[in-house]
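Asks: Have a look at the structure that comes next, please.
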Amino acid sequence: MPTDDVTSLPDVLAGPLLRRSGTERLVLWLVGTRELSLELVLTPADGSERWHRTLNESQCRCLPVGRHAVVHLIDVTLETPLPEDVRIDYDLVIRDAPAGERSIAEWAPHLCYEDAALPGFVIASRIGQLLHGSCRKPHHPGGDGLVRADEWLSERVTEASERPAWLLMTGDQIYADDVAGPMLAAIHALIARLGLVDEALEGADVKDSPELYASAKSYYARETLLPDVYTSEALRERFFGGVRKPVFTTANAHNHLITFAEMLAMYLLVWSPVPWRLVTPAMPSLAANYREQYEDEAAVIEDFVAGLPAAARVMANVPTLMIFDDHDVTDDWNLTAAWEETAYGHPFSRRIIGNALLTYLLCQGWGNDPDRLAEPVEDLAGLLDGAVMLCEEGEPYASASSGWLDAEAQDTVIADLLRFEGWEVVVPGTPKLVMLDTRTRRWRSEVRRHRPSGLMDWEALCEFQQELLGESSVLIVSPAPMFGVKLIEAVQKLFALAGKPLLVDAENWMAHRGAASVMLNIFRHSRTPGNYVILSGDVHYSFVYDIKVRHRQQGPTLWQITSSGLKNTFPDTLLDWFDRLNRWLYAPRSPLNWLTKRRDLRIRPRDPDRAKAGERLWNGAGIGLVRLDEQGRPQEVRQLDARGFDVRFPPRDER
């Protein structure tokens, strides 16, 4: 298909995604094939005044990322507050459409539920219930938790009291480091179709993005292109165990995304069905074993794409907040101080990590808190505005690209972004919602730099404590569980002590003595008297713990609620063994409990009602549903399993 053929392009490629929303402010995100003139219309179901405005430049910021791709950041302040606990329909009318004004029901009918003419949302006066999940890998065989959420929501779309206050995406919204061959082929086809920006690549075997896309190593062999850096013999021995190993430690780096355009295209393809209609990717030239793998992955990707209208509908109808975990960037991101020294010390690996963070900023971070992210977004906008048009005849992708990112400016923006502190999210309300950044403000070991870093440093933990003091209840999003499975944490500790934390993803709160002690002391503090619900993902299984501080009558009550993954699971047999051994070794009266950092806490696991006798860990793709009472305590905890049924985690006194 000719890259300059605009007549067959839709107006909108992805979105709108409904992001941070309140009575006086509405934030949405979408990507168009050009800069759109949009009118926003809000219609409350209670008969309140209808609101409609043609969005100006201050309300809709447009960032061109390609010849036929423009990100629209919509941020509207409302003069008259919207009503709470009432369904509010919204429309985004495209005023400059070639065929005249077009309603969202015309240009994105898949975003409207059967009993609703338009998408809509509810601004909850308090968080009565929410959906949460993490780890959505497109080529994982099995269902998609967002599709299951859509089925659940479709039965309640007209009942304002039954609508979730938030959809919380708690990490690994994309897998930049683990990409199926058919997905990468679609990414490259979409880059060409939309003319996404190109870039130069320093320190790599390929000089720029066009050469990367055309390389024979671009499919199932990218690990040979990724940096393979050794700063010293001692570091190699301690960090990689003496084995030659790339900076990027995922076992599935064969198709690791590299460029800004690749990562941006990935977001479009995992959040919207529309881009898939624009491309027909062909299988690249592959060896026989990879052809078979490609075909197997293609069948799974086909099922994933079939569910995208439902996934997009959920994110268009429920206010959504997102926080990164490692796979949004790369596996083991900032795991140890030695990893950071190695990864950020090489221009190519630093660029890959930076590109992932730039696209996270644009596609995820901005919608959490536009004010806090305003300066990084301005820097990114300047980089995109400065893209230089490439016109040399015969250059690969020259006619398709909107231009080239200036390499020096790109590195400068990335350097500033890597130093940025402000990814965490705080939403005032009942209860207050706090989403933690457990990736970029790590408590690094200065002495044993190959040991796992703490998930948050002392300063970040102090800031976290200030958000808790005096609150009667708080919802905490920690991508990794604060309180995980003791046996698995013990195994991870053994590998960390042996100097090989990278082999087992030794990333848990208890892996670093300082961070664990401060975190536990926060909840033991005499001025921490409330109810705290901790929502997590990451681990690819789901569980619930009821937690009390020992020896304190007025101590806080905590609940660790983990839902993982949206489209990912743990190996069944291995998890069964971990679950069984954990029950035996860490039974309530076991002396091993006194060797853990959590000995001052009483932790009582809840048994999932569909599990076999004694099982506490649920292994199945899906999405978590939590209902809270007026005191912010979990009244009901469910896992909406992607296979079409619900799994309850009732308190022990209800069983």
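Asks: Touching a helix residue (DSSP H, G or I) at 6+ places or on another chain (Cβ under 6 Å), open to solvent by 10 Å² or more (accessible area, probe 1.4 Å), modelled with pLDDT of 95 or more and part of a loop (DSSP other than H, G, I, E, B): does that describe Tyr219?
Replies: yes
Asks: Could you tell me which residue of region 521-560 is modelled with the lowest pLDDT, considering only residues that are closer than 19 Å to Gly454 by Cβ and open to solvent by 10 Å² or more (accessible area, probe 1.4 Å)?
Replies: His525
Asks: Looking only at residues in region 305-339 that are modelled with pLDDT under 95 and hydroxyl-bearing (Ser, Thr, Tyr), which one is farthest from Asn255 (Cα to Cα)?
Replies: Thr336
Asks: Next question, about the same structure. Within region 588-609, which residues are modelled with pLDDT of 65 or more and closer than 25 Å to Pro650 by Cβ?
Replies: Selection gives Leu601, Arg602, Ile603, Arg604, Pro605, Arg606, Asp607, Pro608, Asp609.
Asks: Right, next: Condition first: in contact with a Pro (Cβ under 7 Å, 6 or more places away or on another chain) and part of a helix (DSSP H, G or I). Now tell me which residues in region 317-348 satisfy that.
Replies: Answer for region 317-348, where residues must be in contact with a Pro (Cβ under 7 Å, 6 or more places away or on another chain) and part of a helix (DSSP H, G or I): Asn317, Phe348.
Asks: Which of the strands (runs of 3 or more DSSP E) found entirely inside region 68-136 contain at least 3 residues meeting this: open to solvent by 10 Å² or more (accessible area, probe 1.4 Å), within 28 Å of Ser58 (Cα to Cα) and in contact with a strand residue (DSSP E or B) (Cβ under 6 Å, 6 or more places away or on another chain)?
Replies: Qualifying strands (runs of 3 or more DSSP E): 69-77, 87-94.
Asks: Residue by residue through region 451-478, note down the ones that are open to solvent by 30 Å² or more (accessible area, probe 1.4 Å) and under 18 Å from Glu507 (Cα atoms).
Replies: Arg451, Asp457, Trp458 - these are the residues of region 451-478 that are open to solvent by 30 Å² or more (accessible area, probe 1.4 Å) and under 18 Å from Glu507 (Cα atoms).
Asks: Please work out which residue is farthest from Glu292 (Cα to Cα), limiting yourself to region 190-202 and to residues that are open to solvent by less than 10 Å² (accessible area, probe 1.4 Å) and aliphatic (A, V, I, L, M).
Replies: Val197
Asks: Sort out which residues of region 428-454 are within 18 Å of the chain's Cα centre (by Cα) and either closer than 21 Å to Leu469 by Cβ or assigned to a strand (DSSP E or B) (or both), and write them in order of number.
Replies: Selection gives Leu433, Val434, Met435, Leu436, Asp437, Thr438, Arg441.
Condition check ((1) outside any loop (DSSP other than H, G, I, E, B); (2) open to solvent by less than 10 Å² (accessible area, probe 1.4 Å)) across all residues:
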| site | (1), (2) |
| --- | --- |
| Gly143 | no, no |
| Val147 | yes, no |
| Leu153 | yes, yes |
| Thr158 | no, no |
| Pro164 | no, yes |
| Gly171 | no, yes |
| Asp177 | no, yes |
| His188 | yes, no |
| Ala204 | no, no |
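Asks: In region 206-216, which residue that is of a type in the set (Gly, Ala, Ser) and more than 23 Å from Thr33 (Cβ to Cβ) is surrounded by the most Cβ atoms within 10 Å (Cβ to Cβ)?
Replies: My answer is Ser215.
The values are calculated or read from the model by the stated rules, or taken from the named source; none is laboratory data. Small disclaimer: the values here were computed from a predicted structure and weren't measured. Ideal geometry is used to build each Cβ from the backbone, glycine not excepted, and the neighbour counts take in all protein chains shown. Please note that ligands, DNA and RNA were not included when accessible areas were found on the heavy atoms of the full protein model with its side chains. Shrake-Rupley method; radii C 1.70, N 1.55, O 1.52, S 1.80 Å.
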